[in-house]
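Shown next, in structure tokens, is the structure this report addresses.
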Amino acid sequence: MRSFFPAESCKETHPNALNPQSWLQIERGKLPKLSSYPSSASIESLVKVPQPALLPFYKPADYVEVLAQIHEELESCPPQERSNLFLLQYQVFRGLGEVKLMRRSLQGAWQKANTVHEKIIFGAWLKYEKQEEELIADLLANCGKCAKEFAPVDIPSHLPFDVNVSSIGRMTNENCISQNVTFTIGDEEIVCDRQKISELSAPFNAMLKGYFSESRAETIDLSENNISPFGMKAISIFSLTGSLIEVPPNLLLEILAFANKYCCERLKDACDRRLASMVSSKEDAVELMEYALDENSTVLAASCLQVLLRDLPNCLNDSRVVEIFVHANKQQLAVMVGPGIFALFCFLSEVSMNLNSSSDKTVHILERLVEFAENDKQRILALHQLGCVRLLRKEYDEARLLFEGAVNAGHIYSVAGLARLDFIKGDKFLSYELLSSVISSVTPLGWMYQERSLYCDSDKRWDDLEKASNLDPTLAYPYMYRAASLMSTQNAQAALSEINRILGFKLSLECLEIRFFTHLTLEDYKAALCDVQTILTLRSDYRMFEGRVAASQLCTLVREHVEHWTTADCWARLYDCWSAVDDIGSLSVIYQMLESDAAKGILYFRQSLLLLRLNCPEAAMRSLQLAQQHASSEHERLVYEGWILYDTGHYEEGLQKAEESISIKRSFEAFFLKAYALADSSIDPSCSPIVISLLEDALKCPSDNLRKGQALNNLGSVYVDCGKLDLAADCYINALKIRHTRAHHGLARVHCLKNDKAAAYREMTELIKKAKNNASAYEKRSEYCDREQAKADLEMVTRLDPLRVYPYRYRAAVLMDNHKEEEAIAELSRAIAFKADLHLLHLRAAFHEHKEDVLGALRDCRAALSVDPNHQEMLELHNRVNRHEP
């Protein structure tokens, strides 16, 4: 343990360097109290909350208005503008952190691409965004289905040769003396068909059949025209056959330049396409792109571009590739990417910032983004992003100019950048006043108070951060700051309560780190171990304490102070956590089990289920892929592949995998997958008996009670949908007997359908008592009680999980029933401010319609249709309101 820190960390001096062994001594025994530590190892020096990041995103003050404008323009704009509008929509959703909506916008940009270049850019962008999902493309290919966004574009078919370009107004000189013409190049002579060569271009036609002296000559010297004898022979053959199939690449490049010089469009196009067909690697693309740009060869340039973009992010580590993009002039970029220049640099800047946001390469790419911005919104994005990078690089004067440009173009969020620059200059008061001016001039948002808090004294800072949390509870910094402040006053229990507020609905690595440290101060090593193992589940290379210590090392140290668990102990603990709806606790146990020799496939699968519950879909997909890799048998692997396909929307292929697995071996998981996929993807009631039969087959197969409880719960739901309430109740009761706590929910539903709301209420109360994560239980219980109790339950839901939208909708509906229209709209607006939710926007649009506020209703309809363009009720409301637009 002597070499706890990596060598590079040891080289850096730090005023509050952490000595982990002073906190987690290897010797057995109780750790000393925190208060006994010297100031260098005090809480303040160890728990540091960094300033919230200044995000390099487009964050309009009223995103609903911007989404509505984009949707309105999409309805009426010419086809060539649609991709850029979807790109802007993508940037709005990116600022909101809505990953699924971001990808759908990219998909829209790809689908509505008006040029092959846009198709290449957005196809490569989708591939980049889904680079961890390439296994899905392979699985689909095995099922005989292709994921189109992963497939390269057939560029030549999208760039047909314009036959009108090659038509030649022919000159005819009756004095032509020969059918053939001989071209001499050095000592060699190449005999060509005069007529065929003259048909290659207008200059050749004029030379060979016009009134020039060459038109009467039988021999013409081309020695000074940069064409070799082999090249001229290939041109002669092309003039007769129209083919360059056997010509090697170096000769094709020579012919391409010659064709350009003599305006031989048909010959040039043939060279262009033949060379394009040879581009298969980054090396090919780098070498040939220069020729493509010099010779204005659009097919070759597009082919090279596609190969380079599909190799991202790797190819941006090649300086030659960066040079191509950074130094190409506007004319060359037009050859390379047509009208998609801004989209190209938007894509490249995102990739480069993900690689290294403060690198010279990122700066150069963002400078080009600024250069090619065509409207205010594009300029806002480009200026703000470059401003953030300049700030990160401590290039303060340049950053100020960029942020000022973005603010002047209408981006209020860039004021946060100006405030930070004033603070760096030592003018804290000016920073405070700048944010205060923003807060007083627009409808305030959470980030505004969060930013202003950075320039306040402690009491005012606390007040501003409370306001920030009330306006936007998704912001992590306020909770972290409050928890750290409470720790600094030795109030660890209050700090724990504070950080648990956000971890109850948002799994954040930074917040888990603070809770880990809080548990250490309380000497609760089991809880500390749980947190660090959860951190490592989410990110195995995570480093704690400002990046100075690997989380895995701290995990090892903490484990020395926790009793060792056998495999049986782990399974018992997992059963307890699962039954208590303690998803983080369950994750921690599974992490520990994975370090043993247990069967890893099933454990990674359980891990993926928990991560989905915790709203970590990307981590869940990684776990599911690990399950597939570690499957102990063919039939088990097919089940995991089925879930991978199902979870990415490929339902039929998921069912196919389940059936393949069953054909090899009848197993619980295969039957469960098939039943789940069939029940969830079909609205046909006739499927219910099949689903029931499949779940019954699953329950006959060997499995543990964790999964059997889930199967019984699902079977109960199907029976309820079929109206077989007694059978459903039996399923739920049997699930509860094996401690499947969530079955209380289903049993409450049965009681309610039997008109016994009191029993339903009691059932949900039992779930609330047992479940560690119980926001959904409070929400469901609100349906089984009187209005006052329902309001109390839903207030509790909002405290526990402010991202759940039903409570806002319920409260707004009650206010509307009481004719408090403005209060109802305000209730919805406070949630819409931080969550782009279809149902919230739909209800607010309906309220606006009720008030005869046509413009407000239309705005919300259009924004909602940006979230889900195919929502039928929303479309009907939009069309109804649209007819009354003034």
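Could you count how many residues in segment 847-886 are open to solvent by 40 Å² or more (accessible area, probe 1.4 Å) and at pLDDT below 90?
Of the residues in that region, 5 qualify.
Checking the structure you have, find out if any residue of segment 253-276 is of a type in the set (Ser, Thr, Tyr) and surrounded by 22 or more Cβ atoms within 10 Å (Cβ to Cβ).
There is no residue in segment 253-276 that is of a type in the set (Ser, Thr, Tyr) and surrounded by 22 or more Cβ atoms within 10 Å (Cβ to Cβ).
Where residues in segment 312-322 are part of a helix (DSSP H, G or I) and not polar (S, T, N, Q), which of them is most open to solvent (accessible area, probe 1.4 Å)?
It comes out as Arg320.
Residue by residue, here is whether (1) open to solvent by less than 50 Å² (accessible area, probe 1.4 Å); (2) of a type in the set (Ser, Thr, Tyr) holds:
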site: Tyr676; (1), (2): no, yes
site: Ser688; (1), (2): yes, yes
site: Val691; (1), (2): yes, no
site: Asp697; (1), (2): yes, no
site: Ser717; (1), (2): yes, yes
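Please report, ordered by residue number, the helices (runs of 4 or more DSSP H) entirely within segment 381-447 with at least 1 residues that are within 22 Å of Ser358 (Cα to Cα), of a type in the set (Lys, Arg) and at pLDDT 95 or above. Before the answer, list the steps.
Details: elements: 396-408, 415-424, 428-441.
Answer list for segment 381-447: 396-408, 415-424.
For Gln69, are the conditions met, namely being over 30 Å from Arg461 (Cα atoms), at pLDDT 50 or above and among the polar types (S, T, N, Q)?
On the way: over 30 Å from Arg461 (Cα atoms): yes; at pLDDT 50 or above: yes; among the polar types (S, T, N, Q): yes.
When the stated conditions are applied, Gln69 passes them.
Restricting to segment 455-475, what's the tally of residues that are over 18 Å from Leu96 (Cβ atoms) and surrounded by fewer than 21 Cβ atoms within 10 Å (Cβ to Cβ)?
11
Go through Lys100, Lys112, Lys59 for me and flag whichever is of a type in the set (D, E, K, R), open to solvent by 20 Å² or more (accessible area, probe 1.4 Å) and closer than 23 Å to Cys616 by Cβ.
On the way: Lys112 fails: closer than 23 Å to Cys616 by Cβ; Lys59 fails: closer than 23 Å to Cys616 by Cβ.
The match here is Lys100.
Which ones in segment 526-541 are in contact with a Cys (Cβ under 8 Å, 6 or more places away or on another chain) and more than 15 Å from Arg573 (Cβ to Cβ)? It would help to see each step written out before you state the result.
In the first step, residues of segment 526-541 are kept if they are in contact with a Cys (Cβ under 8 Å, 6 or more places away or on another chain); the result is 529, 532-533, 536, 538.
Answer for segment 526-541, where residues must be in contact with a Cys (Cβ under 8 Å, 6 or more places away or on another chain) and more than 15 Å from Arg573 (Cβ to Cβ): Val532, Leu536, Leu538.
Based on this model, can you work out whether Tyr732 counts as over 19 Å from Arg799 (Cβ atoms), surrounded by 20 or more Cβ atoms within 10 Å (Cβ to Cβ) and hydroxyl-bearing (Ser, Thr, Tyr)? Talk me through it step by step, then tell me what you get.
Values: over 19 Å from Arg799 (Cβ atoms): yes; surrounded by 20 or more Cβ atoms within 10 Å (Cβ to Cβ): yes; hydroxyl-bearing (Ser, Thr, Tyr): yes.
Here the answer is yes, as Tyr732 does meet what is asked.
If we scan segment 202-217, do we find a residue that is in contact (Cβ under 8 Å) with a residue 60 or more places away in the chain, open to solvent by less than 10 Å² (accessible area, probe 1.4 Å) and hydroxyl-bearing (Ser, Thr, Tyr)?
Scanning segment 202-217 turns up no residue that is in contact (Cβ under 8 Å) with a residue 60 or more places away in the chain, open to solvent by less than 10 Å² (accessible area, probe 1.4 Å) and hydroxyl-bearing (Ser, Thr, Tyr).
Going through segment 275-311 one residue at a time, which ones are among the basic types (Lys, Arg) and either in a helix (DSSP H, G or I) or touching a Phe, Trp or Tyr at 6+ places or on another chain (Cβ under 8 Å) (or both)? Spell out how you get there, then give the answer.
Going residue by residue through segment 275-311, those that are among the basic types (Lys, Arg) are 282, 310.
Result: Lys282, single match.
Looking at this structure, is Val389 of a type outside the set (Ser, Thr, Tyr) and surrounded by fewer than 22 Cβ atoms within 10 Å (Cβ to Cβ)?
no
Pairs needed: first member in segment 664-678, part of a loop (DSSP other than H, G, I, E, B); second member anywhere, hydrophobic (A, V, I, L, M, F, W, C); C-beta distance under 7 Å; at least 6 residues apart or different chains.
Filtered contacts from segment 664-678: Arg666/Cys701; Ser667/Cys701.
Which one is least open to solvent (accessible area, probe 1.4 Å), of the residues in segment 768-798 that are without any contact (Cβ under 8 Å) to a residue 12 or more places away in the chain and charged (D, E, K, R)?
Asp786
Considering only residues that are within 18 Å of Glu669 (Cα to Cα) and not in a helix (DSSP H, G or I), which ones fall in segment 700-735?
Cys701, Pro702, Ser703, Asp704
From the list Lys724, Lys754, Lys708, which one is surrounded by fewer than 16 Cβ atoms within 10 Å (Cβ to Cβ) and either more than 34 Å from the chain's Cα centre (by Cα) or at pLDDT 95 or above (or both)?
Going through Lys724, Lys754, Lys708 in turn, the sole match is Lys754.
What residue, among those in segment 429-454 that are of a type in the set (Ser, Thr, Tyr) and open to solvent by less than 10 Å² (accessible area, probe 1.4 Å), is farthest from Pro50 (Cα to Cα)?
Ser431
How many residues, within segment 337-378, are of a type in the set (A, V, I, L, M) and touching a residue at least 60 places away in the same chain (Cβ under 8 Å)?
5
Which condition number does Ser358 fail, the rest of (1) within 24 Å of the chain's Cα centre (by Cα); (2) in a helix (DSSP H, G or I) being met?
(2)
What is the residue count in segment 323-334 for residues that are over 22 Å from Trp110 (Cβ atoms) and part of a helix (DSSP H, G or I)?
Of the residues in segment 323-334, 7 are over 22 Å from Trp110 (Cβ atoms) and part of a helix (DSSP H, G or I).
Given the conditions (1) touching a residue at least 40 places away in the same chain (Cβ under 8 Å); (2) assigned to a helix (DSSP H, G or I); (3) not β-branched (Val, Ile, Thr), report the number of the one that Glu254 does not fulfil.
For Glu254, the failing item is (1).
With respect to Ala631, determine if the residue is in contact (Cβ under 8 Å) with a residue 24 or more places away in the chain, in a helix (DSSP H, G or I) and not hydroxyl-bearing (Ser, Thr, Tyr).
When the stated conditions are applied, Ala631 does not pass them.
Within segment 529-547, is even one residue closer than 25 Å to Gln493 by Cα, part of a loop (DSSP other than H, G, I, E, B) and open to solvent by 30 Å² or more (accessible area, probe 1.4 Å)?
yes
Yes/no per residue for (1) over 20 Å from the mean Cα position of the chain (by Cα); (2) closer than 30 Å to Glu766 by Cβ; (3) in contact (Cβ under 8 Å) with a residue 12 or more places away in the chain:
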residue: Ala580; (1), (2), (3): yes, yes, yes
residue: Ile584; (1), (2), (3): yes, yes, yes
residue: Phe605; (1), (2), (3): yes, yes, yes
residue: Cys616; (1), (2), (3): no, yes, yes
residue: Ile644; (1), (2), (3): no, no, yes
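The values are calculated or read from the model by the stated rules, or taken from the named source; none is laboratory data. The structure displayed is predicted, hence computed values, not measured ones. Virtual Cβ from ideal backbone geometry, glycine too; neighbours counted across all protein chains shown. Accessible surface is based on the protein model in full, side chains and every heavy atom, while ligands, DNA and RNA are left aside. Shrake-Rupley method; radii C 1.70, N 1.55, O 1.52, S 1.80 Å.
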